[in-house]
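The values are calculated or read from the model by the stated rules, or taken from the named source; none is laboratory data. Just so we're clear, the structure is a prediction, and the values are computed from it rather than from any experiment. Cβ sites come from the backbone with ideal geometry, for glycine too, and all protein chains shown count toward neighbours.
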Amino acid sequence: MSIYEHTYIATPDCNKKDIDNIEKKIESILTSNAGKIVRKEDWGLRNLAYPIKKNVKGIYQNLYFESNGKAIKEIEYFERYNDKVMKFLSIKLKKLPKEDSQLKNNK
């Protein structure tokens with residue numbers, strides 16, 4: 001099992017229920033591929049560097065999880081066709097960071 005950091009930006013009109021539904025779907029994909037979420041970080045509503053789909057703000061969410069490459073492909077496929085997700089990025093890590101990210105602390 002590899003450790004991944006996954007960040008996605010949701011549209012600013014998303015409510016808490018929409019974010020929870022996205023995270024539940026990601027969690028179900030991970031459990032079906034023998035993975036698990038290790039840590040969740042809510043970075044909140046932030047300004048974007050440039051407009052994305054005519055939005056200038058976005059809700060940032062960051063996840064750390066253990067899984068295999070197949071799960072990453074399924075998660076990215078789900079987010080690519082979800083109207084509530086504007087952008088996403090997955091990065092494979094060598095080890096899990098011990099501290100929370102600075103963006104979480106600056107929320």
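Observations, loosely collected:
- Matching residues, segment 50-77, being of a type in the set (A, V, I, L, M) and outside any strand (DSSP E or B): Ala71, Ile72, Ile75
- From the options Asn82, Asn47, residue that is modelled with pLDDT of 90 or more, under 19 Å from Lys17 (Cα atoms) and either touching a Lys or Arg at 6+ places or on another chain (Cβ under 9 Å) or not in a strand (DSSP E or B) (or both): Asn82
- Ile9 vs. criteria in contact with a Gly (Cβ under 7 Å, 6 or more places away or on another chain), aliphatic (A, V, I, L, M) and buried (at least 19 other Cβ atoms within 10 Å of the Cβ): yes
- Matching residues, segment 54-79, being under 12 Å from the mean Cα position of the chain (by Cα) and among the charged types (D, E, K, R): Glu76, Glu79
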